Each structure stands twice: as C-alpha cells, then as structure tokens.
Amino acid sequence: MPMSVSKNTPEIWCLELAAPRDMVDAAARALSDAPFPQALAVSQFELGKGDAFQLRVLYEGKPPAARIISLLEPVIAALPFTLLPLAPTDWVRKSQEGLKPVRAGRLLITTKAHETDAPPGALPILIEAGLAFGTGHHATTMGCLLALEWLAKSRAIRNPLDLGCGSGVLGIAAAKLWRCKVWVSDIDPIAVETARANARINDVSPLIKAVTANGVRHPRLVGAGPFDLVSANILARPLVKLAPALAQIAAPGGIVILSGLLKTQENWVRNAYGHQGLALRHRIILDDWSTLILAR
C-alpha cells in the first residue's frame, strides 16, 4: 500500500554521484557531517563494476550547488554530481525506517522507528533521522563509538571533550558510559543546537555542556580543561593542524581519540601527534577508515 502524503510534505531532492569507494566514502562523510545543508539520509551502493560505488544523499528542499561543491572540494575536487527532485512521499518517515539500529558493544544507536528494539543491557542512544549526520552508520563514527566502549572497560573518565560534535552522538555516548559531565563543541551553531536537542531526548541534558567554538581556544573550554578524554572525529588535515592544541588541552595521562582519517593517512596523523608526546594505545580499522586511541 502506498504511503499517504500530506499537502505539507516537504520537497525532497536527491544528490547522486559515482566514484571509487574511497572517494565515495570521503564524499559521504563530508556531506553527512555538514549541518548545512542538512542531510536527511545518506546511502552508498556498489555498482558491480570493479571499485565503482554510488552515493545518494537526500535533502529537504534543493541544496545550493555552490555549497555542495565547497563541501566536496577538500576531499574530492571536481567530482561531478546530479541534483534532482524526487516524487512526493513521506521521506522523513522513510529515512527513519531506513536507518537501522547499529551496535557498538553496549551502545545502540537507533531512531524512533526502532526505539523498542533495544535488547537487555544495551545503552540506547536515540538520534532523530531528520538529523542524519553522526548517526553511527559511517565507519568513522562507529570507530569512535567502539573506541569509547573499549576505553570504558578499563578506565574511569571524569572530564571528556568531544570536538566537532555534529549530532552529539559521541558526547551522549560518553555521558551514558561514565555518567559524567561531557563538554561538546562545534564550529557550527546548528550542530551545537542539534547536540543539545539530542541530549534532551536521551535524558542526559544536564550532563552535556555544548559550546559553539572554532577549535579549543574558547574561554569556556580553556576554563574547563584539561580533559582526561578528547575525541575528534573530523578529517586528517585539520587533525594534523590541531595536534599541538589537542595535546595541550589533554591532561597528563589523558586519552585522545582521533577519527575521520583514511588508513593511508594514518602515519601522517600519528607522526603529528607523536611529536606532541602522544603514543598509540589502540587502533580500530573499519573499511578504509582508521580510529586511533592515543595516550599522553
């Protein structure tokens, strides 16, 4: 039976591009993590022709092509894409149904459509599908969640920071794992408000301290540090640039979790942090992506 569509159903546009898998992964991350334009759903499909993959991203309303180009250029310059409107349907509901729960140890990232599916002993984290970036479905976010779960087995954390928080999923995970105050920050105020909203629906709002900040020089973050755990799920180049600042705000003996880097970029990032006195403790590899757990 077809879904009913109300007259208020928003117009949905679809971005499509095809490229080798590593380029599609990088494009998916760049577009799904961007607070504007905000992706409703991000999907990747193997085309069955060698290493060819297709990326499909849904948006509410037509996204500005110039903005899409600016998001893609740092990772895959000049890659062609198409933007087309889709036939009317209830795409928000469809995206909720399509985002199946993902599990990282005790952590279960889910949406309202699957809220009742949490097994006994799980720590569910509810992320609205309309806020699709940072849902745990990308390998970099999943790597960070697995890193937090791995760390929670052996270490008490009292003062963590998640830099570049996006949806707030990593901060919410830390709050549920350690029941401590968690600082989260992002350069984009929309992402910060998204993190606050998701903290409320997960009943950890009193524990989440969200700040709009470019890097770690914001007075509130400086005053809250040093941090015994810093996570940064961004991209390799900004991670390298931030190495001195992240090392400085990490407490002695503190942990730094880095993600958003390809396996081929791992040595570059490790060397940058090694020069700051941070040594590798553990690494998680998912698909072509690395998540590094470093100790000061």
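The values are calculated or read from the model by the stated rules, or taken from the named source; none is laboratory data. These numbers come from a predicted model, not from an experiment. Don't worry about glycine lacking a Cβ; one is built from the backbone with ideal geometry, like all the others, and counts go over all protein chains shown.
Below is a table of values for the structure above.
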read-out	value
Residues of the stretch 156-193 satisfying the condition of being modelled with pLDDT of 95 or more, surrounded by fewer than 23 Cβ atoms within 10 Å (Cβ to Cβ) and out of contact with any Pro (no Cβ under 9 Å at 6 or more places or on another chain)	Ala156, Ile157, Arg158, Leu177, Arg179
Some residue of the stretch 224-244 being charged (D, E, K, R), surrounded by fewer than 18 Cβ atoms within 10 Å (Cβ to Cβ) and on the phi > 0 side of the Ramachandran plot	no
Residues of the stretch 286-296 that turn out to be touching a strand residue (DSSP E or B) at 6+ places or on another chain (Cβ under 8 Å), in contact (Cβ under 8 Å) with a residue 60 or more places away in the chain and either in a strand (DSSP E or B) or not charged (D, E, K, R) (or both), as a count	4
Count - residues of the stretch 67-123 that are assigned to a loop (DSSP other than H, G, I, E, B) and modelled with pLDDT of 70 or more	14
Residue pairs meeting the criteria (Cβ under 6 Å; at least 6 apart or on separate chains; first of a type outside the set (A, V, I, L, M, F, W, C), in the stretch 182-204; second at pLDDT 95 or above and not in a strand (DSSP E or B))	Asn202/Ile172
Count of residues meeting criterion [closer than 23 Å to Arg237 by Cβ, at pLDDT 85 or above and assigned to a strand (DSSP E or B)] in the stretch 12-52	3
